[in-house]
Every structure is written in structure tokens, then in C-alpha cells.
1. Among the candidates SER31, SER22, single out the residue that is hydroxyl-bearing (Ser, Thr, Tyr), surrounded by fewer than 18 Cβ atoms within 10 Å (Cβ to Cβ) and farther than 27 Å from GLN192 by Cα.
2. Could you list all residues from the range 126-137 that are of a type in the set (Ser, Thr, Tyr) and in contact with a His (Cβ under 6 Å, 6 or more places away or on another chain)?
3. Give me a count of the residues in the range 224-238 that are open to solvent by less than 10 Å² (accessible area, probe 1.4 Å) and under 17 Å from the mean Cα position of the chain (by Cα).
4. Quick test of your reading of the structure: PHE194 fulfils all but one of (1) in a helix (DSSP H, G or I); (2) aromatic (Phe, Trp, Tyr); (3) more than 26 Å from VAL74 (Cβ to Cβ). Name the failing condition by number.
5. Looking at SER216, is it farther than 28 Å from LEU103 by Cα, touching a strand residue (DSSP E or B) at 6+ places or on another chain (Cβ under 8 Å) and hydroxyl-bearing (Ser, Thr, Tyr)?
6. When you scan the range 105-113, do you find a residue that is part of a strand (DSSP E or B), buried (at least 23 other Cβ atoms within 10 Å of the Cβ) and not polar (S, T, N, Q), even just one?
7. For the range 135-158, how many residues meet the condition of being surrounded by 15 or more Cβ atoms within 10 Å (Cβ to Cβ) and modelled with pLDDT under 95?
8. Which of (1) within 15 Å of GLY241 (Cα to Cα); (2) surrounded by 18 or more Cβ atoms within 10 Å (Cβ to Cβ); (3) small (Gly, Ala, Ser) is the odd one out, the single condition SER180 does not satisfy?
Amino acid sequence: MKWQCRWATKQDRDVLLSLFLSAFGHPMNASLWAWKYDWQDEFGVLAYTDNGIIAYYGGLPRLFWLQKKKINAVQICDVMVAPQTRGLLTKNGAFVQTAKTFLTAKTGKDKTYRFAFGFPSDRASRLGQKTGLYARIDTILEASWRASTPQKKLFWLKSRSLSENDNTTINQLWHTVQKSLQSFLVPQKDAQFFDWRYLKHPTHTYIAKLVSWKWSNKIVGIVILRDHGPEQGVELIDLLGLPDNLGQLLRVAQRYAGQINRSRIFGWLTPNILSCLPKPVTQSEVAGVHIATPDLVKTANQLQSRCWLMSGDTDFR
């Protein structure tokens, strides 16, 4: 089978959504695709044959900070290969060729993005590492905590819904948090990010809470939650606060879960964040954090075990 690669365009959307359905077994809402890609120009690379599109490798721009330096990065999204060609997941196959085309054009010291990052499947991560495209720099854990009983009060804390009118407060909190995490690779989470990622998400409904100390009104942080129903519980999507205050934010999440009769809180997070929280009831590894860039070994060594990432840093939670 011969194929060629090219940049995807907005006119490819319907065909790529069809490929997504065949690759993953469930549909993607067109509004979610638009939320990710419609505001970008060169947002992904596809492979095609005379019979149609057989693979896609997309990216979503993200800003990071490390030691007072801003880093432009890109999050790899919606990597997919048509089921009939999955046997070609080799170093010369469509997956590797779309990845190489995208990464060569977009990542590196003098390129649009310093590095790409993502949470690939086991098969994709093995192939990516084997071909020298990817290097693993950290771990994503799923941790869970019990919900609080509905009667339990948090006398020292209060919370209210986060809104678009809180932009100044969010930005002030973000700058304070960023200064406290300079030795970590931290994604930018300012008001613009919260508005785009949570308040205006096209398909998911998030519970966004601004938490403060009851007596002083000083801001403690922001909690983002997503309710998955009685069986799964409430997902801890994001926390923005000083490391010493993350435990207080988790207590707000646990109380909310109890109030809506859920039995647990669970979330994805890197070990650096988990170390700032009370000990979970359960924890297990669910994914690795991988990067891609031309100077892969050097960059991976610099970033090793320094990530500050949660569920909300994926594009699908």
C-alpha cells in the first residue's frame, strides 16, 4: 500500500471524524473537533492513498513554564490509524510517517514548538521510542479518595462557582502559583486557559469552584470537577493553588462529591502533584508522559520527573 502525507485542512473534518469513529469505535462531536483545530492553520498531518485517508496526527498548542522561562509546546492529539492498516504500525508505516512529518516541521529550538508531548497508548509509545521519536519523561497516575459524608462541614473554607468575571482573580492566582513552582514543568493556567478549557468546553460540563478562606476572603485556589455518575464518582480534573493548599482544595472536592451522593473522588496526576495531597485510597499507573523533539535525549534529561500535570492537561478528560 502506497500513501502520501500532507497537512490536514478544515475541509478534511468530516472524513477525519469518520476515521476517528472507525479507529476508536465511538464518535467525536464536530464541535469538539472545531474547539481543538478550527483556530489553527497547520494543526495536523494525514496520510492518504487513492482510496482515502488512512492516518492522522494532530497537535494542540500549549504554553509551559520552567525556571521563569516560557516554553511553546504542542500536545499531540487524536493519533489514529484506519483499522485495516494497523498491521502497518512499523517504523515505515503511516503512523511513524505522519508523526515524523509533523514533528520535523514543528518541533525544535528554532521551530514553532520547543517540543511535543502526549500520553500515547502502550503500542504507540513502544513504537515511538523504538524509532527514536519519543522519550518518556514522567508518569500519569490515577488516584482515588473517599468522598466526605454530606454532613461534614468545612468551617474554614467557602466556595462559589467560577465565572468569566473572575479573570483578574484567576490571573493573580496563576502568577502566584507559577512563582512557587519554578523548578517544575508547569502548563500555563491563566484566565484565558480556564475560559477556553473549562467554562466554554463544547461537550463536557465541568464544576468549577473558586475556593477562599472563610474569615479573610483570601483565595485558596480553584477546583475543576467532572461528575461521571454514581458508579464512577467525581473526577478531579484540575487544581490551581499553592502546593501547601492543594490538600484543602481536595477537601472541597470530597465534600462536593458527598453532597451529590458520590462515593469517591478520582483523578489523573503526576507524582509531583500527588505528593502534595493526602494519601489516596488507591493509586495506579495509567500512562506515561512522552515528549518528542530533535534533541530528544538532552531535553528528556532536563525534563525528567518534573511535570506538573493533571486530567485537564489531556484533551479528552
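The values are calculated or read from the model by the stated rules, or taken from the named source; none is laboratory data. This is a predicted model, so every value here is computed, not measured. Neighbour counts run over all protein chains shown; Cβ positions are idealised from the backbone, glycine included. Keep in mind that these areas ignore ligands, DNA and RNA; they rest on the heavy atoms of the full protein, side chains included. Shrake-Rupley method; radii C 1.70, N 1.55, O 1.52, S 1.80 Å.
1. On the way: SER31 fails: farther than 27 Å from GLN192 by Cα.
Sole residue among the options that is hydroxyl-bearing (Ser, Thr, Tyr), surrounded by fewer than 18 Cβ atoms within 10 Å (Cβ to Cβ) and farther than 27 Å from GLN192 by Cα: SER22.
2. If we filter the range 126-137 for residues that are of a type in the set (Ser, Thr, Tyr), which is where we start, we get 131, 134.
Answer for the range 126-137, where residues must be of a type in the set (Ser, Thr, Tyr) and in contact with a His (Cβ under 6 Å, 6 or more places away or on another chain): just TYR134.
3. Kept after step one, since they are open to solvent by less than 10 Å² (accessible area, probe 1.4 Å), are these residues of the range 224-238: 224-225, 233-238.
If we keep only those that are under 17 Å from the mean Cα position of the chain (by Cα) as well, we get 224-225, 235-238.
Count: 6.
4. Exception for PHE194: condition (3).
5. Working: farther than 28 Å from LEU103 by Cα: yes; touching a strand residue (DSSP E or B) at 6+ places or on another chain (Cβ under 8 Å): no; hydroxyl-bearing (Ser, Thr, Tyr): yes.
So SER216 fails the test.
6. Going through the range 105-113, the residues part of a strand (DSSP E or B) turn out to be 107, 113.
So of that shortlist, the ones also buried (at least 23 other Cβ atoms within 10 Å of the Cβ) come out as 107.
From the residues that got through so far, the ones that are not polar (S, T, N, Q) too are none.
Within the range 105-113 (the criterion being part of a strand (DSSP E or B), buried (at least 23 other Cβ atoms within 10 Å of the Cβ) and not polar (S, T, N, Q)), the answer is no, since none of the residues qualifies.
7. The total comes to 4.
8. All conditions are met except number (2).
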